[in-house]
Amino acid sequence: MAAPAQPLPHRPGSISLFFVVKAAIFAAGFWTWLLVLVFTRTEATSLHLLAATGTIITTLVSVLLGVRMALQRNAARRHAELKRLLVDISWNAFAAAGNAEVETSGNVVPFPTAAYDAATSGRTPGDSNGDRRR
């Protein structure tokens with residue numbers, strides 16, 4: 001039987017990437033428009049100002065969205081690692097408490113198991129709770 005697959009951690013993906021690419025395409029369009037205006041006209045007009053403003057804003061937006069996506073990806077990776085660490089800690093605590101002997105010095109509180117219950121009550125693990133007749 002195949003080993004169960006680990007669930008994949010949440011990673012920001014297609015939606016964030018869509019907005020980053022969309023902003024980058026708009027920025028490329030504004031850069032192209034600004035360069036065409038600069039090389040075809042001799043004096044600065046309001047179109048130059050509009051193209052330059054659009055270029056600056058869309059470039060900044062695409063960079064900020066790209067940084068945000070990278071930070072989200074990094075945070076998702078750290079969160080998945082933290083969850084894995086918490087599962088390991090809880091499993092180790094469960095295993096240590098389950099393996100602890102009854103005569104321990106009191107450092108670990110053992111989980112109630114069938115063997116532990118039988119040792120403290122004098123019953124065997126196969127006995128049922130309602131059947132105490134002998």
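The values are calculated or read from the model by the stated rules, or taken from the named source; none is laboratory data. Bear in mind that the values here come from a model prediction, so they are computed numbers and not experimental data. Glycine gets a Cβ as well: all are built from the backbone with ideal geometry, and neighbour counts include every protein chain shown. What goes into the accessible areas is simple: the full protein's heavy atoms, side chains included, and nothing from ligands, DNA or RNA. Shrake-Rupley method; radii C 1.70, N 1.55, O 1.52, S 1.80 Å.
Distance between Cα centroids, the range 19-33 to the range 59-77: provide it in whole Å.
Rounded to whole Å, the Cα centres lie 17 Å apart.
Taking 7 Å along the Cα-to-C-beta vector as the label spot, tell me the T53-N92 distance in nanometres, rounded to one decimal.
Distance between the two pseudo-spin positions: 5.9 nm.
Among 38-44, 15-21, 78-84, how do they line up from the highest to the lowest mean number of other beta-carbon atoms within 10 Å?
On the way: 38-44: 8.4, 15-21: 14.0, 78-84: 12.0.
Output ranking for 38-44, 15-21, 78-84: 15-21, 78-84, 38-44.
Quick one: accessible surface of S14, probe radius 1.4 Å, all protein chains present, in square angstrom to the nearest 10.
About 90 Å², ignoring ligands and nucleic acids.
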